[in-house]
1. Taking the Cα atoms only, what angle lies between the long axis of helix A:235-261 and the longest principal axis of chain A, rounded to 10 degrees?
2. Stokes-Einstein at 4 °C, 1.567 mPa s, Kirkwood radius from Cα pairs: D for the protein assembly as shown in µm² s⁻¹?
3. Starting from a Cα-only point model with no solvent, please compute log10 I(q)/I(0) by Debye for segment B:234-301 at q = 0.15 1/Å.
4. Expressed as a whole number of Å, what is the distance separating the alpha-carbon centroids of segment B:65-80 and segment B:183-205?
5. Over 30 Å between Cα atoms, which of B:Lys120/B:Lys142; B:Lys71/B:Lys141; A:Lys93/B:Lys145; A:Lys104/B:Lys193; B:Lys15/B:Lys141 qualify?
6. What full-extension length gain, to one decimal in nm, is calculated for B:Lys141 and B:Ala256 as 0.36 nm per residue of separation minus the Cα-Cα distance?
7. How much mean residue ellipticity at 222 nm does chain A get from its helices, if each DSSP H run of length 4 or more adds -39500 (n - 2.57) and you divide by all residues, to the nearest 500 deg cm²/dmol?
8. Please identify every one of the trypsin sites (Lys or Arg not before Pro) in segment A:229-266 that sits in a loop by DSSP and has no more than 16 other beta carbons within 10 Å of its own beta carbon.
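Just so you know, all these numbers are worked out from the coordinates, no wet-lab data involved. Just so it is clear, the structure is predicted and the values come from calculations on it, not from any experiment. With ideal geometry, Cβ positions are generated from the backbone for all residues, glycine too; neighbour counts draw on all protein chains shown.
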Amino acid sequence: MTASLGRMWALALNTFREAARIRVLYGILVLVVGANLFAVLLGEMSQHAEARVARDVGLAGISLFGSLTAIFLGVFLLYSEIQRRTIHAIVSKPIERWEFVVGKYLGMALILSVLVALFAVAMLALLAFQGIAISQAVAQAVLLAWMEVLTVAAIAVFFSSFSTPFLSGIFALALFALGRLTPDILAASESSKSTWVRATTRIALEIVPDLHLFGISGRSVDGAPVSVHGDFVSWGYVLTSCGYALAWIGGLLLIASLIFRRRDFV
Amino acid sequence: MSDEPPVIEVADLQKTYRTPFRRRKVVALRGINVLVRRGEIFGFLGPNGAGKTTTIRILMGLIAATGGTAKIFGETVPSRAARQRLGFLPEQPYFYDYLTVGELCDLAGRLFGVDAATRKRRADELIARVGLDRARTQNLKKFSKGMMQRAGLAQALMNDPDLVVLDEPMSGLDPIGRKEVRDLILELRERGKTVFFSSHILTDVEAISDRVAIVARGQVRAVGAPHELVGHTQLGVDVSLRLPEADPDAAAKSLAGDLDASAVRRADRQLTLALAGDADVDALLARGRELGARVLAVTPRFETLEDLFLRRIAEVDDPATTTPASAPRAEAAS
């Protein structure tokens, strides 16, 4: 077990190192900081809603840019190893295919975590600069956004295990959108007269990660409205959501590993 | 007779690919049989597309066979336990080009589960051994093809493997680099390692291999020690003569007689004739003496590995003469 962890950690560190060289990531970081600065400007123009705007834009930036970065990195994660044939020298070592998939994912999760942390620091620094108190709700929202990013990364890796980056990107984006809009799609389908449409939509949404759970601010939990600007979710909700994310990540990586196990590297 | 299993045992190995859209069958291996014993250098020889790399990739667990069996150290591949004991240099190796050679070796060592102190020591030794000491601080991105090959050799040996599998290890190397790789392979054998390598550079294979297998169109066409394979068939005799000072052209013309132009080589007054196996050498020498020529050398010409290789490949193109090598059990007895 320790040896297996050691191999995965070696791959994770190498993946982290590789991803840290991608210049686009630094561009995204600048974009997120810019969005936060823009939020400050918007806040100044609003009628006493500086804190609301800053928090909303900051958290949306973490969720959206974090998820898009996860898709961008994830769809190339396995594909580029096969295309560049770097996988030949790795898989011929005493490493199982699932260790390779998990190790690569962990490396990507590491770089995404650093990015989310930097996005959050940028947001919190600007909140502090504006004299806005940093509430527990913000910390909880950042934690949920981080889980969302890691889940989206697993979705992208899953598609990368059998598809090209272009198709994987389309599939992952589609799943991201579906997951984010789950309650809205469900509500729309429930208004349909066709029982077939309602049933199919319910089943289809069951096999899509419910990503809206991670961006719950402005929606309701157990009938009660929740907002990062006021009454937010409990720690129990956060922990349950983290468990939900980890279950999806585990499941997706398991299927990706099973697919990857059967692949020929020519 | 030891009960130890062969290091590599491949029996009736088959691989058929299917093209992505039309699902057309492409047969890469048609039943490869190979048996490699402990401590030997085994050369896997064949033209491009013969099935060498496909066989190696199956052994390394990179692709799955569609038929037959392949075992390393008695373990059916893909086997993590077997891979723990082997080192592999892929054909035209691609590594993470942002790493230095030291970092590449360290990564390989970590994947083999080698502890940090041993990784450092082995990496230092191997980098020096493959002659990359002066390029230690450079990223692999800046490496030439030959340097990349050397880096690949270093990472392949990080676990001090019992079996070293090298796919075209001399490819892209200059003559000095090729000699260094040959020396390294011989050194590995001296240390009790088994080396299985593929190549299409015949001289390299002939010079260092204990046994070779010639592969063509997905089948082994000949297997054995190079001297066993090529040493018994006398193809002819090469006769070298010093032509007389007076009218050497006439003497050369007379001695060459009806010989094909390709069998006659002349450099100033030195004439070399490649005679067929059944040629009357005594009569030629007598005629030479009559013409005032001096005999420099009479050398029997045996079949070389290149001759055998070309003959076997030519036979593949003529199905009537195609004779795949015997089954692995028979090879084991050879």
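1. Tilt of helix A:235-261: around 30 degrees.
2. Working: Rh = 28.9 Å.
Estimated via Stokes-Einstein, D reaches 45 µm²/s.
3. Here log10 of I(q) over I(0) equals -0.39.
4. Segment B:183-205 and segment B:65-80 have Cα centres spaced 22 Å from each other.
5. Values: B:Lys120/B:Lys142 23 Å; B:Lys71/B:Lys141 35 Å; A:Lys93/B:Lys145 22 Å; A:Lys104/B:Lys193 33 Å; B:Lys15/B:Lys141 34 Å.
In this structure, B:Lys71/B:Lys141; A:Lys104/B:Lys193; B:Lys15/B:Lys141 exceed 30 Å between Cα atoms.
6. Values: separation 115, 0.36 × 115 = 41.40 nm, distance 5.66 nm.
Separation in residues times 0.36 nm, less the Cα-Cα distance, equals 35.7 nm.
7. Helix-only estimate at 222 nm: -26000 deg cm²/dmol.
8. Numbers: sites: A:Arg261, A:Arg262, A:Arg263; in loops: A:Arg262, A:Arg263.
Taking segment A:229-266 and a limit of 16 other Cβ atoms within 10 Å, the loop trypsin sites (Lys or Arg not before Pro) found are A:Arg262.
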